[in-house]
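What follows is a short report on a single structure.
Read the figures in this text as sums done on the coordinates, not as results from a lab. Owing to the predicted nature of the structure, the values given are computational and were not obtained by experimental measurement. Here Cβ is always computed from backbone atoms with ideal geometry, including for glycine, and neighbour counts include all displayed protein chains.
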Amino acid sequence: MAKKQYSFYPGCSSEKNASASNYMTSVNAMCDVLDVQLNEIPDWNCCGASVGYAGGGELERLILSARNLAISEQENKGQDVVATCAACWLATRETKERLESDNQLMRDANQALAEIGLKYEAKQKVRHMVEVLIEDFGYDKLGEKVKKPLDGLKVAGYVGCQTNRPFGIDGESYENPMYLDKLVETMGAEPLEKYDKKVQCCGGALAFSEPEKSQAMIKDIIESAYDHGADIIATPCPVCQMNVEIYQDQINKTYGKKFNMPVVYYSTLMSVAYGKGHRESGLDGQIIPATKLEKFAAK
Amino acid sequence: MNDTSKPLDAIRKMSMSDGKTAMVERYRNHFLKEVTDNVEEGEWVNMCMQCGVCAGSCPLGNAWAHPPQEIFMMIRAGKRQEVLTSDSMWMCTSCYNCIVRCPRKLPITHIMHGLARYAERLGLAPKNQPTRKFAMMFWDNITKTGRANEVTLGIRLYFMHGFIKGIKTALKMLPVGLNMIKTKRMSPLGLVAHQGCKGKNDITKLLKKAREIEEARMKKH
C-alpha cells in the first residue's frame, strides 16, 4: 500500500517534555507500521482548547485555529488535517465548520488573516487520528499488522467526551460508541462489554480549577474499570489520560482506595501489538506502569 | 418583572467601564435582546423549551446554582444581574453532553461559554471563581507565545489563591509534578526554555485585529 500523508496538528500537550509526549511517541510508532506520514503544520499554534472562551471572544478563538488551517492549506496542499488531541480536533473542526457555514464570519476571519499574509478557504477536512484508522484503513487492515496479539488483556475502553461529542466518530452513538472497543478487539485484547463509565466526563480542564469535583468523577471512572475486571484503561484523549492516571494517589487518600490502574492510549496498545518495544510504544511515559502490557512488549 | 430597573443604580456604581453602562442603557428591559446581539450563539436562547435534559445530562449539574435551562429562562425574564454574576456557566466542563442531547439542538455548551465570556468582558463575572481565574491565566499563557507552557501555567495555578495557599497546594501537588518529570512529561526547563511559536508577533497582530473586528461588530448592534 502506498504511503498515506496527512497534514498533522500535534497540539501543545504532544510537544517534547509536555504531558502527552508519550502519546506522540506511540502515535509515531503506530504510524511507522501503518506507513503513515504525518507532515507537521509549520509553526502551528495553540487552538485555545476548552477554556479559551474566557479570555478570547468568538473570532479571537476561531482565528487561532484558522491560522493553523490556513498555513496547512498553503504548506501541506491537498492533505486532510489530522489531530491526535481531542480538544485540538474539536476546536479545529469547529472552526472549519463555523467559518464554512457563515459567510460573514469567514470574511471577518480572512480580514484578520490578511494582516499576516494568510488566507483560508476551508478546503480540507479536519479529522481525528482514530477516524484515519477506521475510515482509511478499517479494522481488518489494522488487524493484519498485529504481530503480538494482546491475548487475555482486559481493557476498559474509556472514550471520554471530546473524541465522541459533539461530532461523533464513524457515525456511532454518543451514548455507547463502540470504536475503541473494536480497536481493542482488533489488537487481540478483550474489551470490557459493560464498562458503564466509557463516556463519563473526567472534569477536563476543571481537574485543575475544581480538583475535588473532578476527582470525584475520576474515582468512578477507575472504580468501574476495577469492578468489571480491567487490567488497564485505554483512551483516545490526552486530558482523559492525564486526569485518570496522575491523581490516583490523591484519590486513594481522599476516598481510602488502593487504585493503581494504568491508563494508556489506543496507540500504546497498537504499538505494542504491532511489535514495537517498551520505549517506542511510550511505555516509559507511564506514571503507573502498564505491567501486563510491558510483558507483551518484552516478548 | 424585570430586575434591571431597580438595581440599575447599583450596576452603574459598580460599572467598570463605559461599555458596561452603555450596554445597560441600550438594552434597558431587553436582556434577551442584549444576549441575542452580543453573546456567542445567543440567538438560540429563545429556542429553549425548558425540558431540563441539559441539567440532567451535566456531569457537574449538582454544582450549578442555575442549570442551563434555568439560565435560559432567567435571560428571558430579564434577570440580567443574576445571570451575568452567576458562577454557574463557569462550571461547564465542555463535555458536550447537553449539545448532543438537546431535543431542540441548542448549542448549549457554546452559549454557556459565550455568556461566561460576555460577563467577563463586562467585568461582572465572579472575580474569585477558580475556573474563571484559571481560564484567564490559560488565555494569557497561550497568547503570549502562541503555545501553552504547561510548567508556568501549573505554577500560576497553584498560587492563584495567594502565596500561603499556593505553597500548600504546591506541596500537595509536588509528588504529581515529580512523577511527570520522572516520566519526561514535564521539564523544569520549561520555566526558561519554552520556545512557543516563531510567529509570536503574527499571533499578537492576528488577535488584535480579530478583537477590533469583534468590537466593531458589537457596536453596530
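Cysteines in the protein assembly as shown that lack a partner Cβ within the 4.7 Å cut-off: A:CYS12, A:CYS31, A:CYS46, A:CYS47, A:CYS202, B:CYS48, B:CYS51, B:CYS58, B:CYS92, B:CYS102, B:CYS197.
Once the Cβ-Cβ distance between A:GLU100 and B:ALA63 is put in as r, and R0 is 60 Å, what FRET efficiency do you end up with, to the nearest 0.05?
Numbers: r = 35 Å, r/R0 = 0.59.
Computed FRET efficiency for A:GLU100 and B:ALA63 comes out at 0.95.
Around the amide H of B:SER88, modelled in the peptide plane, lie the amide H atoms of B:ALA65, B:HIS66, all under 5 Å away and 5 or more residues distant in sequence or on another chain.
Count the net charge of all other residues whose Cβ sits under 13 Å from the Cβ of A:VAL33, scoring Lys and Arg as +1 and Asp and Glu as -1. Don't jump to the answer; show the numbers that get you there.
Details: positive: A:LYS3, A:LYS4, A:LYS141, A:LYS145, A:LYS147, A:LYS148, A:LYS276; negative: A:ASP32, A:ASP35, A:GLU144, A:GLU280.
Around A:VAL33, the charge tally is +3.
Considering only B:ILE155, B:ILE75, B:ILE111, the mean-square fluctuation computed in a Gaussian network model of chain B, springs between alpha carbons under 10 angstrom, is largest for B:ILE155.
Looking at chain A as a GNM with Cα springs under 10 Å, which of A:ALA109, A:ALA54, A:ALA29 has the largest mean-square fluctuation? Looking only at A:ALA109, A:ALA54, A:ALA29, the biggest GNM fluctuation is shown by A:ALA54. Residues whose amide H falls under 5 Å from that of A:ILE288, counting only those 5 or more places apart or on a different chain, are A:VAL263, with hydrogens built in the peptide plane.
Please identify the DSSP H helices in chain B that span no less than 18 Å along the helix axis (Cα) and have a mean Kyte-Doolittle hydropathy of 0.0 or more.
Details: long enough: B:108-121 (19 Å, -0.21); B:130-145 (23 Å, -0.51); B:163-182 (27 Å, 0.77); B:200-220 (30 Å, -1.36).
Correct list, ordered by number: B:163-182.
Phi angles of the stretch A:124-135 translate, via the Karplus equation with coefficients 6.51, -1.76, 1.60 and θ = phi - 60°, into HN-Hα couplings of 9, 6, 10, 10, 8, 3, 5, 5, 4, 4, 6, 8 Hz per residue; Gly and Pro are given as x. Computed from phi, the 3J(HN,Hα) profile of the stretch B:94-105 under the Karplus parametrisation 6.51, -1.76, 1.60 (θ = phi - 60°) reads 6, 8, 6, 4, 5, 5, 6, 9, 4, x, 9, 6 Hz, with x in place of Gly and Pro.
If R0 is taken as 35 Å, the Cβ-Cβ distance between B:LYS198 and B:ARG104 corresponds to a FRET efficiency of 0.20. Going by a ≥ b ≥ c, the root eigenvalues of the Cα gyration tensor, does the protein assembly as shown fall in the rounded group (a/c under 1.5), the prolate group (a/b larger than b/c) or the oblate group? The shape class here is prolate.
Quick check: from the Cα gyration tensor, does the stretch A:25-136 come out rounded (a/c under 1.5), prolate or oblate?
Numbers: a/c = 2.02, a/b = 1.65, b/c = 1.23.
Verdict is prolate for the stretch A:25-136.
Overall form of the stretch A:155-255: oblate. Here a/c, set by the Cα gyration tensor axes a ≥ b ≥ c, is 1.5 or more, and a/b is not larger than b/c.
For the stretch A:153-258, calculate the relative contact order in percent as a whole number, restricting contacts to Cα pairs under 8 Å that are 6 or more residues apart. Don't jump to the answer; show the numbers that get you there.
Details: 143 pairs, mean separation 36.9, N = 106.
About 35 percent, as a whole number.
Here the calculated FRET efficiency for A:GLN74 and B:HIS161, from their Cβ-Cβ distance with R0 = 35 Å, stands at 0.20, rounded to the nearest 0.05. Where nothing but the Cβ of Lys and Arg (+1) and of Asp and Glu (-1) is charged, how large is the charge dipole of the stretch A:139-298 around its Cα centre, in debye to the nearest 20? The calculated dipole for the stretch A:139-298 is roughly 340 debye. In loop segments of the stretch B:141-221 as defined by DSSP, the chymotrypsin sites (Phe, Trp or Tyr not before Pro) with at most 16 further C-beta atoms inside 10 Å of their C-beta are B:PHE159. Neighbours of A:LEU206, meaning other residues whose beta-carbon lies under 13 angstrom from its beta-carbon, give a summed charge of 0 when Lys and Arg score +1 and Asp and Glu score -1. Placing a label point 7 Å from the Cα of A:ALA298 along the Cα-to-Cβ direction, none of the residues of the stretch A:18-44 has a backbone N under 11 Å of that point. Charge tally for B:LEU171 (other residues, Cβ to Cβ under 15 Å; Lys, Arg +1; Asp, Glu -1): +3.
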